[in-house]
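Colleague: For reference, the structure I am asking about is given below.
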Amino acid sequence: MKNEITISELARLMGVSTHQIRYFEDKEVLLPAYTDTNQYRMYGLEQVYRLAQILLLRKLGLSVQTIKESIDGPSPEQMSQLLRASVDNLEAEIKRLDELRRLTVNILEEQREYAGPSPAYRIKQRKATELKCWFHTDARRGMDAMLLAKQSPPPDLFESDIYFVIEDNGKMAVCTESKTEGDLMLPESRCLCYPFLAEDEGEIELRIQHMLQYADSQSIALNGPAVLVEKSYLSLFSPNKLNYELMIEVQEKDEAAQNGEGV
DNA sequence: GTTCTTACA
DNA sequence: TGTAAGAA
């Protein structure tokens, strides 16, 4: 009597495709019990267990090649080592996914700032930010691909926000955020902020002027360089436009009294 | 109707 | 990994 089953029955039993079972055969990790006269692969209980084992090891992240090398005589030590390595891989993957989730949530949260009815000036607490300076250029000169290409070597361009720190002398430092100590540190401080969308760079100069006028009209003393942050990811939401946030540190009143001047 | 092999996206 | 085609 025949206790063996066909490939499709095995596939259905184990919840995999017949293609995958043939693939395992090709890689010599799972052979049929025998081949029938009609060339059909036939599988017995032994193969069912073996397939279950292969699938478990695959699930744990082992390659088919690794399984092939270890499935026949895996010593308990080898098996523990494989499983420990698998745990390491899984933890790395969890970390990667966790960072990806955080990034996605951040993008959504930032997007909300721009999704309001109309952009507005507001005072925000800025976290201390370490910046790594990429290059300097003239603040009046626009950015273009050539300018970028001439710089070397690009940091994680467009994977993180880009900071344009506009200095008093008309120079502009183009920076990215740095996790470690950078070249330039934006201290934690209250800032006058203005998020906006821009289609061309001519707008930016205007925005800065407007912000200075606004601060003046509200008697807000500003201090330090204008910082323009290009929100790399938010262009996902607004094709052909770039999302910027302009921020200038607010000079606190007691500070102003000490310095005896505003900006 | 099912499976086989082979090729291809 | 899935899908397709023609043959058995």
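The values are calculated or read from the model by the stated rules, or taken from the named source; none is laboratory data. Model, not experiment: these values are computed from the prediction. For neighbour counting, all protein chains shown are included, and Cβ atoms are generated from backbone atoms with ideal geometry for every residue, glycine included.
Colleague: Using the structure shown, decide if A:R101 is without any contact (Cβ under 8 Å) to a residue 12 or more places away in the chain and either within 19 Å of A:N243 (Cβ to Cβ) or outside the structural domain of A:L186 (by TED's automatic domain parsing) (or both).
Modeller: Answer is yes for this residue.
Colleague: For region A:1-16, how many residues are more than 11 Å from DNA strand B (Cβ to nearest atom) and out of contact with any strand residue (DSSP E or B) (no Cβ under 6 Å at 6 or more places or on another chain)?
Modeller: 7
Colleague: Only one of A:V29, A:V48, A:V64 is away from DNA strand C (no atom under 12 Å from the Cβ), closer than 26 Å to A:L82 by Cβ and touching a residue at least 24 places away in the same chain (Cβ under 8 Å). Can you tell me which? It would help to see each step written out before you state the result.
Modeller: On the way: A:V29 fails: away from DNA strand C (no atom under 12 Å from the Cβ); A:V64 fails: away from DNA strand C (no atom under 12 Å from the Cβ).
From the options A:V29, A:V48, A:V64, the qualifying one is A:V48.
Colleague: Now a separate question. If we scan region A:96-104, do we find a residue that is within 21 Å of A:L228 (Cα to Cα) and surrounded by 11 or more Cβ atoms within 10 Å (Cβ to Cβ)? Spell out how you get there, then give the answer.
Modeller: If we filter region A:96-104 for residues that are within 21 Å of A:L228 (Cα to Cα), which is where we start, we get A:103.
With surrounded by 11 or more Cβ atoms within 10 Å (Cβ to Cβ) added as a condition, the list becomes A:103.
Yes, some residue in region A:96-104 is within 21 Å of A:L228 (Cα to Cα) and surrounded by 11 or more Cβ atoms within 10 Å (Cβ to Cβ).
Colleague: Residues in region A:69-78: is at least one closer than 25 Å to A:E4 by Cα and within 16 Å of DNA strand B (Cβ to nearest atom)?
Modeller: Checking region A:69-78: not a single residue is closer than 25 Å to A:E4 by Cα and within 16 Å of DNA strand B (Cβ to nearest atom).
Colleague: Follow-up question, since we're still on this one. Of all residues in region A:1-26, which are of a type in the set (G, A, S) and more than 10 Å from DNA strand C (Cβ to nearest atom)? Let's see the steps before the verdict.
Modeller: Quick first cut of region A:1-26, residues of a type in the set (G, A, S) only: A:8, A:11, A:15, A:17.
Selection gives A:S8, A:G15.
Colleague: What do you reckon, is A:L55 surrounded by 19 or more Cβ atoms within 10 Å (Cβ to Cβ) and either more than 46 Å from the chain's Cα centre (by Cα) or within 16 Å of DNA strand C (Cβ to nearest atom) (or both)?
Modeller: Considered against the rule, which asks whether it is surrounded by 19 or more Cβ atoms within 10 Å (Cβ to Cβ) and either more than 46 Å from the chain's Cα centre (by Cα) or within 16 Å of DNA strand C (Cβ to nearest atom) (or both), A:L55 comes out as no.
Colleague: Follow-up. In the set A:I54, A:I21, which member is on the phi < 0 side of the Ramachandran plot, more than 11 Å from DNA strand B (Cβ to nearest atom) and not assigned by TED's automatic domain parsing to the domain that holds A:D88?
Modeller: A:I54
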